[in-house]
Structure formats: structure tokens, C-alpha cells
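The values are calculated or read from the model by the stated rules, or taken from the named source; none is laboratory data. Everything numeric in this text was worked out from a predicted model, so none of it was measured. Note that each Cβ is placed from the backbone with ideal geometry, even for glycine, and that neighbours are counted across all protein chains shown. For the accessible areas, the whole protein counts, side chains as well, though only heavy atoms, and no ligand, DNA or RNA atoms are used. Shrake-Rupley method; radii C 1.70, N 1.55, O 1.52, S 1.80 Å.
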Amino acid sequence: MKKISVVVPVYNEQDNLHEFYKRITAVMIATDYDYNLIFVDDGSKDGSALILNQLVEKDTHVEAYLLSRNYGHQMALTCGLDNADGDAVITMDGDLQHPPELLPKLISLWEHGSEIVMTKRLATEDAGFLKNITSSVYYKLINILSKVEITPGGSDFRLMDKKTVEAFRLYRERARFIRGMVSTLGFNVSVVEFVAPPRFAGHSKFNLHKMLHFALDGITAFSNLPLRWAFYLGLFFGLCSLLLLGHVFYVKFISDDAVPGWATTTVSVLFLGGIQLVGIGILGEYIGRIFEEIKHRPLYLVSKHLKK
């Protein structure tokens with residue numbers, strides 16, 4: 001009998017875990033597959049680890065990896081994918097915004113030959129106007145910058161065939177944008193659209209700082225265009241400076257109408273200095289990522305593996 005592994009990253013989800021387990025178990029029992037639920041606790045500060053321990057003791061289909069600290073959502077997903085042994089692996093969040101009832105559709109597409117089944121979030125019922133707008137702009141921007149097409153509204157709710165999971169495990173970079181990484185794999189891909197329901201309980205742990213960091217990882221991991229843009233801006237304003245220098249020489253030596261141009265000088269210096277700082281900042285982001293990669297530290301550390 002074929003087996004399906006469900007990978008679920010967890011961070012302070014004690015109020016959602018029991019309901020998630022109830023619904024995902026009901027869905028998986030109704031399928032014709034053996035299955036296991038792999039929870040990865042990403043350094044939760046609440047009672048999530050205790051609840052996971054109870055679920056492991058209760059159900060032999062459940063196992064949990066407790067990370068030594070908070071490594072972030074993408075690293076927790078990576079840990080689950082590294083340890084999943086199913087013929088197909090489904091990754092999803094445990095806050096029930098990825099509906100467990102959608103799994104049979106993903107599995108059906110896999111049965112019909114799809115090696116990766118992506119999901120596309122059409123809307124999130126409790127998402128604000130600002131979040132929807134920023135998400136739309138971000139996906140448009142990253143697709144302009146990147147050579148790899150990344151599905152707008154994509155999420156980390158997907159099914160991957162065992163072959164594609166093994167290919168994904170070859171990717172060991174630290175700046176992880178898994179949606180983009182999966183898009184680079186190729187293989188036979190299908191897309192399922194859905195509307196994300198509100199969180200069952202609690203609030204999102206993905207604050208503004210984490211969203212900005214995640215967005216920056218996505219852009220720098222799949223594009224070097226910001227570096228080129230910094231070069232083009234520097235070249236453009238360098239030419240502008242030469243034109244300004246010509247104007248200075250004209251005023252000084254030909255028109256004989258030289259006036260202390262403190263305003264022009266100040267504006268020019270500040271503007272060009274700002275452009276230089278932008279370029280240095282972009283370089284710093286890429287160099288910082290190079291620095292992190294060459295240290296070759298482990299992506300995550302597991303403090304405990306719970307399995308009955």
C-alpha cells in the first residue's frame with residue numbers, strides 16, 4: 001500500500017492542534033492510503049510540544065520533531081521534507097487556513113500523473129486590504145525580477161511526489177524561499193485554486209518584520225537584477241554629473257556669471273550619496289547571504305524526535 005506523509009510546521013499553535021488533528025485524521029482515514037502526520041515544532045513557547053507528545057502517544061500515525069529553537073517557517077518545512085518517507089508528501093500549515101478537506105483533490109491529481117500539485121490562494125477570508133495589495137505587488141515584482149515563474153497567490157500548501165522531494169533535498173541554501181525553489185524543479189505540475197478560511201484560533205505569527213525578511217529572501221534568492229539596477233543607476237547619475245560639470249565650467253569660464261551654488265551642490269551631493277547608499281545596501285544584502293552560505297552550518301537542529 002502506498003503511503004502519504006503530511007508535513008505540518010508548528011509555532012505556538014496549541015489552540016489549533018487538536019482541531020487540526022481531528023480534521024486531518026478524518027480526511028486521511030477516508031483515503032485508501034497508509035499515512036503519517038509529521039509535525040515540526042519550530043521552538044514554540046506555548047503548550048504545542050506537550051500537545052504533540054500527547055498526539056504521538058495516542059496515535060501511531062503521528063510523529064513530531066522538536067527543533068532546538070525557532071528557525072523559521074521555511075526551515076521547519078525543510079525538516080519535515082527531509083524526514084518524510086511517503087510516496088507523496090503534502091505540506092500544509094496547522095492553523096486550518098489550508099483546508100484538510102482539499103487533500104483528496106490533491107491526491108487525485110497526483111494519481112493522474114501530476115508530480116507536483118501546487119495550490120493557489122484566490123483570497124483569504126480574514127485578510128485585510130493592505131495585505132492583499134502588498135501580496136499582489138510582491139508577486140508581480142518577483143516575477144519581473146526572477147527568471148523562474150512563481151505563481152501569484154501561491155502558498156506552501158502542496159503535494160510533492162517522492163521523486164520531487166528527493167530532488168528538493170539537494171537544495172541546501174540557507175535563504176529559503178521554498179515556493180520559488182519548488183518552481184525551479186520542473187516536473188509535471190498541476191494547480192488547485194482555493195479560498196483560505198480564517199484561522200481557527202489565535203493570530204498569525206507572520207508579522208511585518210518576518211514578511212519583509214521573507215520577501216527579501218525570495219527576491220535575492222532568485223534574481224541578481226537589483227545588483228544590475230544599482231549599476232545602471234550609478235551609470236545614469238554618473239553621466240548626469242558630467243553634464244552638471246559641463247554646466248559649471250560654462251558658468252565659470254564663459255558666461256562669467258558664477259554665483260555660489262550651495263543649493264545645487266547640496267542637493268546633488270545628497271541625491272548622489274543616497275543612490276550610492278542604495279547600491280551599497282543592495283551589495284550588502286547579497287554579500288551577507290554569501291557569508292551565511294560559506295559557513296556551512298546546519299540548516300536546523302532537532303532537540304527531540306517523538307515517535308511511538
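Summary table
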quantity	calculated
Every residue from the stretch 45-60 that is touching a helix residue (DSSP H, G or I) at 6+ places or on another chain (Cβ under 8 Å) and surrounded by fewer than 19 Cβ atoms within 10 Å (Cβ to Cβ)	D59
Residue list for the stretch 31-72, filter: without any contact (Cβ under 8 Å) to a residue 40 or more places away in the chain and not in a loop (DSSP other than H, G, I, E, B)	D34, L37, D41, S48, A49, L50, I51, Q54, L55, K58
Some residue of the stretch 82-96 being out of contact with any Phe, Trp or Tyr (no Cβ under 7 Å at 6 or more places or on another chain) and in a helix (DSSP H, G or I)	yes
All positions within the stretch 1-44 that are open to solvent by less than 10 Å² (accessible area, probe 1.4 Å), in contact with a Pro (Cβ under 8 Å, 6 or more places away or on another chain) and within 16 Å of L106 (Cα to Cα)	I24
Residue list for the stretch 107-117, filter: surrounded by fewer than 23 Cβ atoms within 10 Å (Cβ to Cβ) and either in contact with a His (Cβ under 9 Å, 6 or more places away or on another chain) or among the hydrophobic types (A, V, I, L, M, F, W, C) (or both)	I107, L109, W110
